[in-house]
Amino acid sequence: MMFGTTLEGMCRNITELRGLEPVATAEEIEAAARQYVRKVSGIHKLSDATRESFEQAVAEVAATTTRLLELLPERRQPPPTVPPLRRPEVQARIAARG
């Protein structure tokens with residue numbers, strides 16, 4: 001529900017991407033979209049029955065997010081947190097899998 005210019009009940013786990021330096025990458029935007037779709041759908045593990053719809057939703061949210069970030073004016077200060085894909089401990093986990 002919206003009150004004035006704030007959103008109540010917004011998921012706190014999705015990192016703000018607007019105002020990052022360097023700007024948010026396609027990978028960071030997709031990760032945020034994936035997290036959003038997981039949250040709203042309640043799907044945490046894909047199955048053959050959910051994969052196509054889930055991936056389509058991720059692609060659509062990522063595309064919309066990309067357009068939104070391109071249309072918004074520049075931010076005066078960076079967001080308060082660093083996106084997970086920019087955190088050393090996350091990069092280390094990704095490298096270990098890889």
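The values are calculated or read from the model by the stated rules, or taken from the named source; none is laboratory data. Computed from a prediction, not measured in an experiment: that's the story for all the values here. A quick note on method: Cβ atoms are made from the backbone with ideal geometry, for glycine too, and the neighbour counts reach across all protein chains shown.
Only residues that are among the charged types (D, E, K, R) and surrounded by 11 or more Cβ atoms within 10 Å (Cβ to Cβ) were counted in segment 42-82, giving 4. Filtered by the rule that a residue be outside any helix (DSSP H, G or I) and under 12 Å from L20 (Cβ atoms), segment 54-98 gives E74, R75, Q77, P78, P79, P80, T81, V82, P83.
The set of residues from segment 25-41 being crowded, with 18+ Cβ neighbours inside 10 Å and among the small types (G, A, S) comprises A31, A32, A33.
Inside segment 5-60, can you point out the residues that are touching a Phe, Trp or Tyr at 6+ places or on another chain (Cβ under 7 Å) and at pLDDT 90 or above? Scanning segment 5-60 gives V37, S41, I43, L46.
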